[in-house]
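Worksheet: the structure to be examined is printed underneath.
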Number of protein chains: 2
Amino acid sequence: MNIMEFEKELKAHFLKGHEVYLRHISIDCVIFGFHENELKVLLLKAKYAGKWALPGGFVLKEEYLNDAAKRILHERTGLEKIYLQQFYTFGDPARSTKKINQGFLKNIGTSATKSWMFERFISVGYSALVDFTKVQPVADLFSEGCEWFNIHEIPEMILDHREILKKALENLQLQLNFQPVGYNLLPLKFTMPELQKLYETILDRKLDRRNFQRKMMSTGILKKLKETKKGVAHKAPFYYKLDLSKYKKALKAGMGFEL
Amino acid sequence: MNIMEFEKELKAHFLKGHEVYLRHISIDCVIFGFHENELKVLLLKAKYAGKWALPGGFVLKEEYLNDAAKRILHERTGLEKIYLQQFYTFGDPARSTKKINQGFLKNIGTSATKSWMFERFISVGYSALVDFTKVQPVADLFSEGCEWFNIHEIPEMILDHREILKKALENLQLQLNFQPVGYNLLPLKFTMPELQKLYETILDRKLDRRNFQRKMMSTGILKKLKETKKGVAHKAPFYYKLDLSKYKKALKAGMGFEL
């Protein structure tokens, strides 16, 4: 698609998008990426806007909200088969997209002052946590970049996307209290220090080693193996693996405060 | 307001409501009520529909979503100063209100076939937990009844309201794993059996007494008093009270799986 075709498409979205999408409702996806000691988030750089944004989009008139989230993430980043969870719906009337969208229209050379895109949007937030070394996101036609940013080095973002990201992170941290973390982030077997590092990275603070081990074992979702990790300077740490049936049960019922 | 005035108002809502409210977005409130050994939920009986419904409504064009939830609950039931929390946003396209709303219109004698009320609605669910002996809900003009129903004796409900209620209850039960229950449900001082009963009623299952006491004390939000309960046949149980500063901290940070 060349630049003229792209601008034509963008203009059509502003002027006729309301014929296919529900008005007033958008979806924003916060995709966290973890690997070793790092937590990142996936952002797109919007063409023209010059700022970064969460991958987002709109809901088709007859589409399930959860299906829309999957489709949008796929269309905008190429990612699929990602377990997305709703975490919050953002409804501040001042999160209006009017100003930024008027800038858009001016840039592509139309004087339209009326568009469904200038109206108020309530945005449903979805989030996921993946291993960022295992996925290859790509920018869509509306973006000039698609990158992972370390959670401590977030660039300037459009609208209230920083606030949406903050809420998603708080929710992820709270979730560690009562749901096991995704087994897709851990190798088949892992040591207790590796697991602790995962928790510390997400919670962004140091944890007490003994306390962590005791709490983790009390959840019942870990199996200690007889094998130890080779090539470690000091005392070789044991490997653990997840007990998948207990893990699935804990995902469903919660686990932190099992009564 | 007499019946003719009411029907006029209802008709105006169908034909002109979209001038004041956002299209496609509604709010439904699940108000749980607890007292002693009983968990209830507050329902309204819609005039004409002959079925019960969650107190719900629509969002004004320039209104915060959270403010809309408070206003709607107040307008529909008279309740105020209730701590409402978002729990999920329902976006199944088949939850359409078309059929039931066409029935409404027919009943009030208009042949209008077009109304914003026939369009698809995505509903944001809010919930709260109160002591049902401490509030006096009253039905609004659109309802012919406003009653507390035991959670095990829910009548037939409109649309997907039973599903919304189910999700709210699951969320409340999951929340017990990582957040302390509302201190507004407990007397200033209470015994461990009374606290256990609260948990058992919400979780709808029996809990092990010793295990419960151990877990509860480990959260750090309870203070044991020197006073025991009088007039009890067997061994007099001690009173406890909530440590409010720790309680507030736990509300914010989560507590079940404190690391």
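The values are calculated or read from the model by the stated rules, or taken from the named source; none is laboratory data. None of the values given here were measured: they were computed from a predicted structure. All Cβ positions, even for glycine, are placed from backbone atoms using ideal geometry, and neighbour counts span all protein chains on display. Heavy atoms of the whole protein, side chains included, go into the accessibility calculation; ligands, DNA and RNA do not. Shrake-Rupley method; radii C 1.70, N 1.55, O 1.52, S 1.80 Å.
The table below gives the values:
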{"item": "Scope the stretch A:47-69; condition hydrophobic (A, V, I, L, M, F, W, C), away from chain B (no Cβ under 14 Å) and not in a strand (DSSP E or B); matching residues", "result": "A:49, A:54"}
{"item": "Count - residues of the stretch B:25-41 that are among the aliphatic types (A, V, I, L, M) and either farther than 28 Å from residue A:64 by Cα or more than 14 Å from every other protein chain (Cβ to nearest Cβ) (or both)", "result": "4"}
{"item": "Of all residues making up the stretch A:201-214, the number that are open to solvent by 40 Å² or more (accessible area, probe 1.4 Å) and part of a helix (DSSP H, G or I)", "result": "5"}
{"item": "Every residue from the stretch A:169-227 that is of a type in the set (Gly, Ala, Ser) and farther than 24 Å from residue A:133 by Cβ", "result": "A:218, A:220"}
{"item": "Selection from the stretch B:25-49 of residues that are open to solvent by 50 Å² or more (accessible area, probe 1.4 Å) and in contact with a helix residue (DSSP H, G or I) (Cβ under 6 Å, 6 or more places away or on another chain)", "result": "B:37, B:48"}
{"item": "Filter result for residue A:44 (within 14 Å of another protein chain (Cβ to nearest Cβ) and touching a strand residue (DSSP E or B) at 6+ places or on another chain (Cβ under 6 Å))", "result": "no"}
{"item": "Scan of the stretch B:11-69 for residues that are among the aromatic types (Phe, Trp, Tyr) and over 20 Å from residue B:81 (Cβ atoms), ordered by number", "result": "B:14, B:21, B:48, B:52, B:58"}
{"item": "Residue A:235 surrounded by fewer than 18 Cβ atoms within 10 Å (Cβ to Cβ), over 30 Å from residue B:195 (Cβ atoms) and of a type in the set (D, E, K, R)", "result": "yes"}
{"item": "Residue B:228 within 14 Å of another protein chain (Cβ to nearest Cβ), over 25 Å from the mean Cα position of the chain (by Cα) and without any contact (Cβ under 8 Å) to a residue 40 or more places away in the chain", "result": "no"}
{"item": "Index of the failed condition, residue B:198 passing every other in (1) open to solvent by less than 40 Å² (accessible area, probe 1.4 Å); (2) of a type outside the set (S, T, N, Q); (3) part of a helix (DSSP H, G or I); (4) under 15 Å from residue B:42 (Cβ atoms)", "result": "(4)"}
{"item": "Out of A:10, A:22, A:84, A:73, sole residue that is more than 14 Å from chain B (Cβ to nearest Cβ), modelled with pLDDT of 90 or more and open to solvent by less than 70 Å² (accessible area, probe 1.4 Å)", "result": "A:73"}
{"item": "Count - residues of the stretch B:181-192 that are in a helix (DSSP H, G or I) and within 14 Å of chain A (Cβ to nearest Cβ)", "result": "1"}
{"item": "Every residue from the stretch B:127-138 that is under 12 Å from residue B:79 (Cβ atoms) and buried (at least 16 other Cβ atoms within 10 Å of the Cβ)", "result": "B:128, B:130, B:132, B:135, B:137"}
{"item": "Residue match in the stretch A:142-150 (condition: closer than 19 Å to residue A:71 by Cα and part of a loop (DSSP other than H, G, I, E, B))", "result": "yes"}
{"item": "Output for the stretch B:193-220, where each listed residue is closer than 24 Å to residue A:215 by Cα and either in contact with a Cys (Cβ under 8 Å, 6 or more places away or on another chain) or away from every other protein chain (no Cβ under 12 Å) (or both)", "result": "B:217, B:220"}
{"item": "Residue, most open to solvent (accessible area, probe 1.4 Å), within the stretch B:155-177, restricted to residues that are in a loop (DSSP other than H, G, I, E, B) and in contact with a helix residue (DSSP H, G or I) (Cβ under 7 Å, 6 or more places away or on another chain)", "result": "B:159"}
{"item": "Number of the exception - residue A:168 against (1) at pLDDT below 95; (2) closer than 30 Å to residue B:167 by Cα; (3) among the small types (Gly, Ala, Ser)", "result": "(1)"}
